[in-house]
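Some notes on the structure that comes next.
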């Protein structure tokens, strides 16, 4: 059987509580450590994203940069301001439009969208411990990894299998 597509959903790491605007909030010291820890964990998951979609908010951009550095990934990310306020249906639409040649896609954004998308996609056949953890919440630096056995164009509710859930803590 061919290796399935993979989807990685990441909630940004812990941010400072204040900035001129919410989108300008940067990572806290803890957030920088946690983002790196999430990247180190991802390095051991045998995947490298072919496409990376990152919200335009400062904290998501920083999360991606620190995570990618810790994971040893060199790919370019696509920064999209539309992901900042997007709901899970909008993110699904973006993912459905992905080129079918992309084997692994990573999405780095805010919550509640990340956690809701992860719960929506799960087909119930994945790792039960990972699902138990996911159902307890989607804290900062949360990472979910899904196997996606369908084409990106058919991604939808219940169409992906939860492979792993981790919360990066440095």
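The values are calculated or read from the model by the stated rules, or taken from the named source; none is laboratory data. Fair warning: this is a prediction, and the values are worked out from it, not measured in the lab. In this analysis, Cβ positions are derived from the backbone assuming ideal geometry, glycine residues included, and neighbour counts consider all displayed protein chains.
Structural remarks
- Leading residue by the ranking (nearest to residue 152 (Cα to Cα)) among those in the stretch 23-38 that are buried (at least 24 other Cβ atoms within 10 Å of the Cβ) and touching a helix residue (DSSP H, G or I) at 6+ places or on another chain (Cβ under 6 Å): 38
- Candidates 118, 164 - the one that is surrounded by 16 or more Cβ atoms within 10 Å (Cβ to Cβ) and part of a helix (DSSP H, G or I): 118
Per-residue answers, yes or no, for (1) farther than 24 Å from residue 27 by Cβ; (2) modelled with pLDDT of 95 or more; (3) in contact with a strand residue (DSSP E or B) (Cβ under 9 Å, 6 or more places away or on another chain):
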| site | (1), (2), (3) |
| --- | --- |
| 55 | no, yes, yes |
| 60 | no, yes, yes |
| 83 | no, no, yes |
| 92 | yes, yes, no |
| 110 | no, no, yes |
| 127 | yes, no, yes |
| 141 | no, yes, yes |
| 149 | yes, yes, yes |
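- Restricting attention to the stretch 1-22, the residues that are buried (at least 16 other Cβ atoms within 10 Å of the Cβ), assigned to a loop (DSSP other than H, G, I, E, B) and modelled with pLDDT of 95 or more total 3.
- If you go through the stretch 81-100 and keep only what is closer than 16 Å to residue 11 by Cβ and in contact (Cβ under 8 Å) with a residue 12 or more places away in the chain, you end up with 83, 84, 86, 87, 88, 91.
- Any chance residue 47 is under 25 Å from residue 159 (Cα atoms) and modelled with pLDDT of 95 or more: no
- The listed residue being more than 11 Å from the chain's Cα centre (by Cα) and without any contact (Cβ under 8 Å) to a residue 24 or more places away in the chain, out of 128, 151: 128
- Selected residue (criterion: farthest from residue 96 (Cα to Cα)) from residues of the stretch 23-40 that are over 17 Å from the mean Cα position of the chain (by Cα) and not in a helix (DSSP H, G or I): 28
- For residue 71, the stated conditions hold: it is buried (at least 21 other Cβ atoms within 10 Å of the Cβ), more than 12 Å from the chain's Cα centre (by Cα), under 16 Å from residue 8 (Cα atoms) and in contact (Cβ under 8 Å) with a residue 12 or more places away in the chain.
- Hey, residue 77 farther than 15 Å from residue 7 by Cβ, crowded, with 18+ Cβ neighbours inside 10 Å and in contact with a helix residue (DSSP H, G or I) (Cβ under 9 Å, 6 or more places away or on another chain) or not: yes
- Residue that is nearest to residue 85 (Cα to Cα), among those in the stretch 41-57 that are outside any loop (DSSP other than H, G, I, E, B), in contact (Cβ under 8 Å) with a residue 40 or more places away in the chain and in contact with a helix residue (DSSP H, G or I) (Cβ under 8 Å, 6 or more places away or on another chain): 55
- Condition check for residue 139: touching a residue at least 60 places away in the same chain (Cβ under 8 Å), within 20 Å of residue 71 (Cβ to Cβ) and surrounded by fewer than 21 Cβ atoms within 10 Å (Cβ to Cβ): yes
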